[in-house]
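To keep things clear, I will list the structure first and then write my remarks on it.
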Amino acid sequence: LALKRRGGLTKSKKKKKLKKAPPPAPVARAPRAPLSWSLSPEEHMAAVSNAVASAADGIQTALADGNFFAKESFLDERSVQAMAEEARRLDPTLVPSQSTRYEAGNTIAYDKEGVRSTQILGGNDYDKAPRLTEYVVSLTAALSGVAGQVRPLSPSRQTNKLAVCDAIGASYPKHIDNGGGDDPRLLTAILYLSGDVDGGRFRSYQATEDVVTAEVAPAPGTFVCFWSDRLVHDVSAVTRLDEARWALTVWLCTDDDVVEATPDEVLAAHWPHLRDS
Ligand SMILES: O=C(O)CCC(=O)C(=O)O
Ligand SMILES: [Fe+2]
C-alpha cells in the first residue's frame, strides 16, 4: 500500500512539473515491482484451483487410506513466489508461536523457539496480503470439494497460520493438530513458500507406534495435506538455515463442530504420560 501511494504521488508531481517547463529527465531505473503485481487475482486463484484439480485423485486416495498427501511443485512457481514475497513483507508483524506441553497433569503453554506466526484474515486486511488471502479462499473452496468426498467439509470455513522458522534448532514437537472436542479443524493443508534449510522436515508417524513413516523436505512449492484429527506428526530441528523457512497452513473445517477425540491407543503409543495424568 505504501509503495502504491509513493508511486501515485511521484506520478502526479511529474505531471504538474511537465505542464510548466519540461526538465531534461534523467533516465531513472524503474523500481522493481513486487511480483504479486504481475499476477492478477484471477490468474492466481485459477492456478490454485487447477493445482487442487490436478492432484484430486492423489489427495482422495491418500486421505481415504488415512495417509498424508504430498506433492512437490504443487502450485505454479509465479504464485508461490508472489506469496513468499508477501509473506516476507509481513515478517515484522509475526509473533512467537505457542506450543503446549503436559507437566504433572497440567497443560503448559510456551513460546516455540525460533518460530513465529500470524493469521491471514482477509476482509479489511486484504491489501496487506492479497495473494495469500486469495490462496486461502481458493484453496478452501477447491480442496473442500475434493477431500469432502471422503469426509464432509465446509466449502468456506477455515482457519490458517503463516509461520516462519528462522533460527537453528527451530522445530515442532510431535502432535496431532486437533485432539477433538469443539475444535472444528478437520483437514490440514500446508504449502511451503520459501526457505533454504537442512532439517525442518515434516515427519509423519504410525498411529499406534512411535515410528516415523515418511518425511517431507520443506521445498518452496511443496504441498502436504492430511486429516487434522488423525495424523501424528512433527517437524525436525532446523540444522542449517540459509534462508528462513516459510509455511502457510490452512485448516479446513467441518460444519457440524464435532471432531473425533484422539483414540486411546494413539495416546498410549505417543503420549503415554497423558493417559496416566
Ligand atoms: O510447518 C510444518 O511443516 C508443520 C507445522 C505443523 O505441524 C503445525 O503448524 O501444526
Ligand atoms: Fe501440525
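The values are calculated or read from the model by the stated rules, or taken from the named source; none is laboratory data. Worth saying up front: this structure is predicted, and the values here are computed from it rather than measured. Because the Cβ atoms are built from the backbone with ideal geometry, glycine has one as well, and the counts that use them run over all protein chains shown. Each accessible area value is taken on the protein alone, full model and side chains, heavy atoms only, with ligands, DNA and RNA left out. Shrake-Rupley method; radii C 1.70, N 1.55, O 1.52, S 1.80 Å.
Among the residues of the range 115-123, are any within 14 Å of ligand 1 (Cβ to nearest atom) and free of Cβ contacts under 8 Å to residues at least 40 places away in the same chain?
Checked against the condition, which is being within 14 Å of ligand 1 (Cβ to nearest atom) and free of Cβ contacts under 8 Å to residues at least 40 places away in the same chain, the range 115-123 yields no hits at all.
Looking only at residues that are out of contact with any helix residue (DSSP H, G or I) (no Cβ under 9 Å at 6 or more places or on another chain) and either over 25 Å from Asp166 (Cα atoms) or touching a residue at least 60 places away in the same chain (Cβ under 8 Å) (or both) in the range 212-227, which one is surrounded by the most Cβ atoms within 10 Å (Cβ to Cβ)?
That would be Val224.
So Ser38 clears everything in (1) of a type in the set (Gly, Ala, Ser); (2) out of contact with any Leu (no Cβ under 9 Å at 6 or more places or on another chain); (3) at pLDDT 90 or above except one condition, right? Which one?
With respect to (1) of a type in the set (Gly, Ala, Ser); (2) out of contact with any Leu (no Cβ under 9 Å at 6 or more places or on another chain); (3) at pLDDT 90 or above, Ser38 is out only on (3).
Filter the range 227-247 down to the residues that are among the β-branched types (Val, Ile, Thr), away from ligand 1 (no atom under 12 Å from the Cβ) and either under 20 Å from Ala70 (Cα atoms) or at pLDDT below 95 (or both) and list them by number.
Within the range 227-247, no residue meets the criteria.
Test of understanding: among Gly199, Gly169, Gly221, which residue is within 15 Å of the chain's Cα centre (by Cα) and at pLDDT 95 or above?
The conditions single out Gly221.
Scanning the range 93-126 for residues that are modelled with pLDDT under 95 and of a type in the set (Asp, Glu), which turns out most open to solvent (accessible area, probe 1.4 Å)?
Glu113
Do any strands (runs of 3 or more DSSP E) lying entirely in the range 175-277 carry at least 1 residues that are under 21 Å from Arg151 (Cα atoms), and which ones are they?
The strands (runs of 3 or more DSSP E) meeting that bar are 185-198, 202-205, 223-227, 233-235, 240-253.
What are the residues in the range 47-83 that are touching a residue at least 40 places away in the same chain (Cβ under 8 Å) and over 16 Å from Val224 (Cα atoms), if any?
Across the range 47-83, the qualifying residues are Glu77, Arg78, Ser79, Gln81, Ala82, Met83.
Given the criterion hydrophobic (A, V, I, L, M, F, W, C), assigned to a helix (DSSP H, G or I) and touching a Ser or Thr at 6+ places or on another chain (Cβ under 8 Å), identify the matching residue among Ala70, Ala141, Ala109, Ala55.
Ala141
Return the residue satisfying two criteria in turn: it lies in the range 174-200 and is open to solvent by 40 Å² or more (accessible area, probe 1.4 Å) and of a type outside the set (Lys, Arg), and of such residues it is farthest from Leu267 (Cα to Cα).
So the residue we want is Asp196.
Just name the residue that is nearest to ligand 2 (Cβ to nearest atom) out of those in the range 144-165 that are of a type in the set (S, T, N, Q) and open to solvent by 30 Å² or more (accessible area, probe 1.4 Å).
Applying the filter and picking the extreme gives Thr159.
Would you tally the residues in the range 63-82 being open to solvent by less than 20 Å² (accessible area, probe 1.4 Å) and either under 15 Å from Ser138 (Cβ atoms) or within 15 Å of the chain's Cα centre (by Cα) (or both)? Before the answer, list the steps.
Within the range 63-82, the subset open to solvent by less than 20 Å² (accessible area, probe 1.4 Å) is 63, 74-75, 79-80, 82.
Filter once more, keeping what is either under 15 Å from Ser138 (Cβ atoms) or within 15 Å of the chain's Cα centre (by Cα) (or both): 74-75, 79-80, 82.
Number satisfying all stated conditions: 5.
Got a sec? Which of Val136, Val150, Val164, Val146 is within 30 Å of Glu43 (Cβ to Cβ), among the β-branched types (Val, Ile, Thr) and part of a loop (DSSP other than H, G, I, E, B)? Don't jump to the end; show me each part of the working.
Values: Val136 fails: part of a loop (DSSP other than H, G, I, E, B); Val164 fails: part of a loop (DSSP other than H, G, I, E, B); Val146 fails: part of a loop (DSSP other than H, G, I, E, B).
Step by step, each of Val136, Val150, Val164, Val146 is checked, and only Val150 is within 30 Å of Glu43 (Cβ to Cβ), among the β-branched types (Val, Ile, Thr) and part of a loop (DSSP other than H, G, I, E, B).
Give Val266, Val238 a once-over and let me know the one that is buried (at least 23 other Cβ atoms within 10 Å of the Cβ), more than 13 Å from Arg185 (Cα to Cα) and either more than 14 Å from ligand 2 (Cβ to nearest atom) or not hydroxyl-bearing (Ser, Thr, Tyr) (or both).
Val238
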